[in-house]
Amino acid sequence: MNPPLFIFQLSPAAAAYNATVLAEHGFDLNRIIEQQHPSQISYGSEFRDPMLLHDLLQHHPFWSHLRNILKYGASFPLDKISTSDREQDLIFHANRVNQQSTSKNLLALRSIIKEDVERGFASPLPIMALHFIPNASLAPLGCVRQSSVDMMGNPVAKF
């Protein structure tokens, strides 16, 4: 695998560096991802090679669709937001506070975000970088306790 251009650390220095990488590539995240293939941030890199599942799932009616998702990532068709509405939304959310649940569960939230960044699932950026990323959106954070199950099927609480 090629090393990713981004730094996956939760720090202001990493955020500034990652913004520079984006700027050097015209804020085109898709272009950055495709130029680094194969790397930790390549589409589908979080999954094993689909061919490992081929013998098991080749006769399933949705196998070709699932194989493409595992190989290239998923896309979700959403209605486009007008540029002016998106920019107003960015300004609104940049000045808005997060959900109350974040202050009540700050340690859990920090741990979740840190883990996502260190695994390469998220990249820290300065808030101002959002204004240069085409079609970027911003939403307030929330952190609520919910139920899950452990390996044995027992209920466990998680954030």
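Restricting segment 125-159 to residues that are touching a residue at least 40 places away in the same chain (Cβ under 8 Å) and more than 21 Å from residue 91 (Cβ to Cβ), which is farthest from the chain's Cα centre (by Cα)?
145
So which of 110, 96 ends up being loosely packed, with under 14 Cβ neighbours inside 10 Å, basic (Lys, Arg), out of contact with any Cys (no Cβ under 9 Å at 6 or more places or on another chain) and at pLDDT below 90?
96
Please work out which residue is nearest to residue 1 (Cα to Cα), limiting yourself to segment 43-89 and to residues that are in contact (Cβ under 8 Å) with a residue 40 or more places away in the chain and not basic (Lys, Arg).
Out of the qualifying residues, it is 45.
Looking at residue 16, is it part of a helix (DSSP H, G or I), on the phi < 0 side of the Ramachandran plot and of a type in the set (Gly, Ala, Ser)? Even if it seems obvious, please write down each step before you answer.
Details: part of a helix (DSSP H, G or I): yes; on the phi < 0 side of the Ramachandran plot: yes; of a type in the set (Gly, Ala, Ser): yes.
Yes: the conditions hold for residue 16.
Tell me which residues, restricted to segment 120-139, are surrounded by 11 or more Cβ atoms within 10 Å (Cβ to Cβ), part of a loop (DSSP other than H, G, I, E, B) and either modelled with pLDDT under 90 or β-branched (Val, Ile, Thr) (or both). Steps first, please.
Step one: filter segment 120-139 for residues surrounded by 11 or more Cβ atoms within 10 Å (Cβ to Cβ), giving 120-127, 129-134, 136-138.
Those left that are additionally part of a loop (DSSP other than H, G, I, E, B): 120-126, 132-134, 136-138.
120, 121, 133, 134, 136, 137, 138, listed by residue number.
Out of the residues in segment 42-58 that are closer than 15 Å to residue 74 by Cβ and not polar (S, T, N, Q), state the one that is modelled with the highest pLDDT. Please lay out each step first, then the result.
Let us first name the residues in segment 42-58 that are closer than 15 Å to residue 74 by Cβ, namely 42-47, 50.
Filter once more, keeping what is not polar (S, T, N, Q): 43-44, 46-47, 50.
Numbers: 43: 77, 44: 74, 46: 75, 47: 77, 50: 89.
The qualifying residue modelled with the highest pLDDT is 50.
The values are calculated or read from the model by the stated rules, or taken from the named source; none is laboratory data. All values derive from a computational prediction rather than experimental measurement. Neighbour counts are summed over all protein chains in view; Cβ atoms, including those assigned to glycine, are modelled from backbone coordinates with ideal geometry.
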